[in-house]
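Student: After the structure tokens below, expect a handful of questions from me.
The values are calculated or read from the model by the stated rules, or taken from the named source; none is laboratory data. This one's a predicted model, so the numbers in the text were calculated from it and none came from an experiment. Glycine gets a Cβ as well: all are built from the backbone with ideal geometry, and neighbour counts include every protein chain shown. Note: areas computed on protein heavy atoms with side chains; ligands, DNA, RNA excluded. Shrake-Rupley method; radii C 1.70, N 1.55, O 1.52, S 1.80 Å.
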Amino acid sequence: SKLKLIKNKKKLKQILDMEPRHYAGYTHSMAAYEHALMYCKYITMWLLWDDDCIEIAEDVNQIANPLLALAGESTDYEENIGYHEAFLHIGNEYERLGASKNWRKRFSEKMLEWAKYAIQEEKIRKNITHHSFEDALKLRSFTVGIRPNTLPLERAVGIEIPDEILIDPEYEELLDNAARICCIVNDIVSVPKDLNNKQIYSNLVLYHKHLNKISLNDSFYALIKIHDYSVLRFDSLAKSLLNKVKNAFYERLNTYLYHLRYMDSGFGFWHQDCARYQNLVAIENGIAYRLSITLKL
């Protein structure tokens, strides 16, 4: 409360509708209490920061100072003092819990990368720029936020991913598939909300339908097909990475990848269950659509 990030009742309702305890719990429930709490603080603050700062930013330099604080670098700041203090607190607390200075720097860089793509997406949402479906899928794979989220996940399982894995193209592809899994589920459940807000250019299902001039049903199935392939590809890449890593790090990397898979699944179930997505439904040709996640046998 002393950071004054929640400025009014509307903002408080927005946070409550996001159900942070479930948002963090579905995805980070295997973490120790202190790590789960920090992660919950982080993703809640991130939602606020996105709404208050990212959506109105024209350039990434306008929002960079809080991310320098996350990295542990001293900055001169006059604007967004609350977010500066919030990011500094998050970085300091993770360092207190054992994170290295290099980890904080990587965390900051991943958040800055996310912010760059999020500012670009906002221009697309407003129909200022256009792109292909492949470019839209790539953009959403960054703006969904899986890549920054992997950094707290590393610390929750007590590791920092070694450089030889970080620079491996298969690790980047694994993260890309994890992000596709998450963003496709997010965009499927967001169809009613985005239709209502006329935001067809930033929703993968609606943009696919718009570009291909096909039914909503066909676009749902096209995205589900990409999602299901990404699940299989994620597992294949995880197996390949584990075959490369040194024996001494095998179990730790295996645990991290298992938690990443769990986190991705948790985001899917949270999107399915969250109250903020339940008040509208998409209907086409008399058929109503709602997401239900089931186990494929």
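Student: Provide a single number: the residues in the range 244-284 that are farther than 19 Å from HIS227 by Cα and of a type in the set (Ser, Thr, Tyr).
Tutor: Matching residues across the range 244-284 total 4.
Student: Say we look at the range 205-234 and pick out the residues that are within 25 Å of MET30 (Cα to Cα) and in contact (Cβ under 8 Å) with a residue 24 or more places away in the chain; which of these is most open to solvent (accessible area, probe 1.4 Å)? Show your work before the answer.
Tutor: If we filter the range 205-234 for residues that are within 25 Å of MET30 (Cα to Cα), which is where we start, we get 227-228, 230-234.
This time we only want the ones that are in contact (Cβ under 8 Å) with a residue 24 or more places away in the chain, so: 227-228, 230-231, 233-234.
Working: HIS227: 38, ASP228: 49, SER230: 0, VAL231: 42, ARG233: 66, PHE234: 8 Å².
Selected residue: ARG233.
Student: Could you tell me whether GLU113 is part of a helix (DSSP H, G or I) and at pLDDT 95 or above? Give the steps one after another, and end with the answer.
Tutor: Working: part of a helix (DSSP H, G or I): yes; at pLDDT 95 or above: yes.
Spelling it out, GLU113 is indeed part of a helix (DSSP H, G or I) and at pLDDT 95 or above.
Student: Still on this model: In this structure, does LYS296 turn out to be modelled with pLDDT under 85, under 27 Å from GLY25 (Cα atoms) and in contact with a helix residue (DSSP H, G or I) (Cβ under 8 Å, 6 or more places away or on another chain)?
Tutor: On the way: modelled with pLDDT under 85: yes; under 27 Å from GLY25 (Cα atoms): yes; in contact with a helix residue (DSSP H, G or I) (Cβ under 8 Å, 6 or more places away or on another chain): yes.
So LYS296 passes the test.
Student: What residue, of ALA57, ALA86, ALA64, is among the small types (Gly, Ala, Ser), over 26 Å from LYS101 (Cβ atoms) and modelled with pLDDT of 85 or more?
Tutor: Details: ALA86 fails: over 26 Å from LYS101 (Cβ atoms); ALA64 fails: over 26 Å from LYS101 (Cβ atoms).
Criteria check complete, one pass: ALA57.
Residues checked against (1) surrounded by fewer than 16 Cβ atoms within 10 Å (Cβ to Cβ); (2) touching a helix residue (DSSP H, G or I) at 6+ places or on another chain (Cβ under 6 Å):
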site: ALA71; (1), (2): no, yes
site: ASN92; (1), (2): yes, no
site: TRP103; (1), (2): no, no
site: LYS110; (1), (2): no, yes
site: TRP114; (1), (2): no, yes
site: GLU122; (1), (2): no, yes
site: HIS130; (1), (2): yes, no
site: ALA136; (1), (2): no, yes
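Student: Give me a count of the residues in the range 9-32 that are free of Cβ contacts under 8 Å to residues at least 40 places away in the same chain, under 21 Å from PHE269 (Cα atoms) and more than 17 Å from the chain's Cα centre (by Cα).
Tutor: Total meeting the criteria: 2.
Student: Residue by residue through the range 267-289, note down the ones that are open to solvent by less than 40 Å² (accessible area, probe 1.4 Å) and either of a type in the set (D, E, K, R) or at pLDDT 90 or above (or both).
Tutor: Once the filter is applied, which keeps residues that are open to solvent by less than 40 Å² (accessible area, probe 1.4 Å) and either of a type in the set (D, E, K, R) or at pLDDT 90 or above (or both), the range 267-289 yields only GLU284.
Student: Working carefully through the options GLU172, GLU164, GLU251, find the one that is open to solvent by 20 Å² or more (accessible area, probe 1.4 Å), part of a helix (DSSP H, G or I) and under 21 Å from LEU139 (Cβ atoms). Reasoning before the result, please.
Tutor: On the way: GLU164 fails: under 21 Å from LEU139 (Cβ atoms); GLU251 fails: under 21 Å from LEU139 (Cβ atoms).
Just one listed residue meets the conditions, GLU172.
Student: When you scan the range 24-42, how many residues do you find that are touching a helix residue (DSSP H, G or I) at 6+ places or on another chain (Cβ under 6 Å) and part of a helix (DSSP H, G or I)?
Tutor: So the answer is 10.
Student: Another question about this same structure. Of the residues that make up the range 178-185, is at least one more than 26 Å from VAL60 (Cβ to Cβ) and open to solvent by 10 Å² or more (accessible area, probe 1.4 Å)?
Tutor: yes
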